[in-house]
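Have a look at the structure below before the remarks.
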Amino acid sequence: MNTDDYPSILTTIHVGRNIKGWDDRTTLFADNRPGLNGLLKSAIRLFRLRKDFDVTIVHSIKRDNLFALLAGLLRGPCPPIIMTDCLWYKHRRKHILWLKRLQMHIMARAVTYFVVWASHEVEDYAYTFMLSKDKFLYVPYHHTLEGYEFEVSQGDYIFSGGDGDRDYPTLLEAVRGLDIPVIIATRRKDILGGKNLPRNVNAFPVTNSDFRKWMAGSKMVVVPMKKGLLHSGGQQTYLNAMAMGKPVIVADDCGAKDYIQHGVDGLIVPAGNSQGLREAIQSLISDSALSATLSTNGKSAFHNFSTVACYNKLSRIAGELAELHLVNNI
């Protein structure tokens, strides 16, 4: 096998994911039946299909986790498996953490690589779930703007959005009393902290299309992530904003440094620090030169962190694994 060629790949898809740049030797598996019984049947079907391909790429969702558990329990000759979207938490209850570790160890028997979207997760996941660091591979995530139409303009408001692990209470404190409107696009009222919104803040659910429109028309984009998470998140939101040329501020513990060079193409502040977040916002309001610099430099994310670049890297990894598997089984 030539490692420059893509192998025959069986890859699963789920809602909201487009896979581009894959050749005709790639088969997409989209069977995601509702209910535990349906998920199990779907996982069994995927388990049977895997033997017809050189490599299987799955995501850490319920169906694909069941598939990996089956592959780990029913040991035997198996082409390499790569698992992405490993957004895992550390459970506080010891018995749940123990069960999670057991699950990870069984899955790791079959999964060659767990792909993570933040470099710190390699060591943190390995330590938390008592697995070898060699099982984890950091691959930069991607923006999701390809194929969509949107018009970028310079607005007069701050935009923030997303539902996963956001720390909106810290953002609300940071912007309280500022003379600038703030739009928060979220479907979850519960993560707003149950407090009355400041007068300059409006929060409401939007469609995916309107999410992009509100972002594209903003003055800046702020992504506040919760403090102390095992995994990092928010990459899609701030990479999309950077690719649009929006000045970006991310409140995050570890993950944002993989994508943003502080003061060059974005600003990073500690998670949970409302005063630090407020000062960063004020700096972009008062310093037009800094805002313009972040905007200009951030646009490089459109090419550096494209969907095609991400999946081509996964394809190269899959090709190397397929060749190694072929050599070992001759």
_Failed item, numbered, when Phe159 is tested on (1) assigned to a helix (DSSP H, G or I); (2) in contact with a strand residue (DSSP E or B) (Cβ under 9 Å, 6 or more places away or on another chain); (3) closer than 30 Å to Gln282 by Cβ_ = (1)
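Picking from Met104, Met83, which residue would you name as being out of contact with any strand residue (DSSP E or B) (no Cβ under 6 Å at 6 or more places or on another chain), free of Cβ contacts under 8 Å to residues at least 40 places away in the same chain and buried (at least 18 other Cβ atoms within 10 Å of the Cβ)? Break it down into steps so the answer makes sense when it comes.
Numbers: Met83 fails: out of contact with any strand residue (DSSP E or B) (no Cβ under 6 Å at 6 or more places or on another chain).
Selected residue: Met104, the only one of Met104, Met83 that is out of contact with any strand residue (DSSP E or B) (no Cβ under 6 Å at 6 or more places or on another chain), free of Cβ contacts under 8 Å to residues at least 40 places away in the same chain and buried (at least 18 other Cβ atoms within 10 Å of the Cβ).
Return the residue satisfying two criteria in turn: it lies in the stretch 214-255 and is among the aliphatic types (A, V, I, L, M) and out of contact with any helix residue (DSSP H, G or I) (no Cβ under 7 Å at 6 or more places or on another chain), and of such residues it is farthest from Thr296 (Cα to Cα).
First pass over the stretch 214-255, keeping only residues among the aliphatic types (A, V, I, L, M): 215-216, 220-223, 225, 229-230, 239, 241-244, 248-251.
Adding the requirement that they be out of contact with any helix residue (DSSP H, G or I) (no Cβ under 7 Å at 6 or more places or on another chain) leaves 216, 225, 229.
Values: Ala216: 15, Met225: 24, Leu229: 31 Å.
Restricting to residues being among the aliphatic types (A, V, I, L, M) and out of contact with any helix residue (DSSP H, G or I) (no Cβ under 7 Å at 6 or more places or on another chain), the top hit is Leu229.
Here is a yes/no grid of residues against (1) under 24 Å from the mean Cα position of the chain (by Cα); (2) in contact (Cβ under 8 Å) with a residue 12 or more places away in the chain:
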{"site": "Asp165", "(1), (2)": "yes, yes"}
{"site": "Ile183", "(1), (2)": "yes, yes"}
{"site": "Asp190", "(1), (2)": "yes, no"}
{"site": "Arg199", "(1), (2)": "no, no"}
{"site": "Phe204", "(1), (2)": "yes, yes"}
{"site": "Asp210", "(1), (2)": "yes, yes"}
*All but one of (1) free of Cβ contacts under 8 Å to residues at least 24 places away in the same chain; (2) in contact with a helix residue (DSSP H, G or I) (Cβ under 6 Å, 6 or more places away or on another chain); (3) part of a helix (DSSP H, G or I) hold for Leu284, so report the exception by its number.*
(1)
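Among the residues of the stretch 236-281 satisfying the criterion of being in a loop (DSSP other than H, G, I, E, B) and of a type in the set (A, V, I, L, M), which is nearest to Val223 (Cα to Cα)? Spell out how you get there, then give the answer.
Taking the stretch 236-281 as the starting set, the residues that turn out to be in a loop (DSSP other than H, G, I, E, B) are 244-247, 252-254, 259-261, 263-265, 270-273.
From what's left, of a type in the set (A, V, I, L, M): 244, 260, 264, 271.
Working: Met244: 15, Ile260: 13, Val264: 17, Ala271: 10 Å.
Looking at residues that are in a loop (DSSP other than H, G, I, E, B) and of a type in the set (A, V, I, L, M), I get Ala271.
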_Leading residue by the ranking (nearest to Glu323 (Cα to Cα)) among those in the stretch 109-132 that are surrounded by fewer than 19 Cβ atoms within 10 Å (Cβ to Cβ) and of a type in the set (Gly, Ala, Ser)_ = Ser132
*Considering the stretch 277-330 alone, what residues qualify as being more than 28 Å from Leu145 (Cα to Cα) and touching a Ser or Thr at 6+ places or on another chain (Cβ under 7 Å)?*
Glu320, Leu321, Glu323
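Each value in this text was obtained by applying a stated rule to the coordinates, not by laboratory testing. As the structure is a computational prediction, the values presented were derived from the model and not from experiment. All Cβ positions, even for glycine, are placed from backbone atoms using ideal geometry, and neighbour counts span all protein chains on display.
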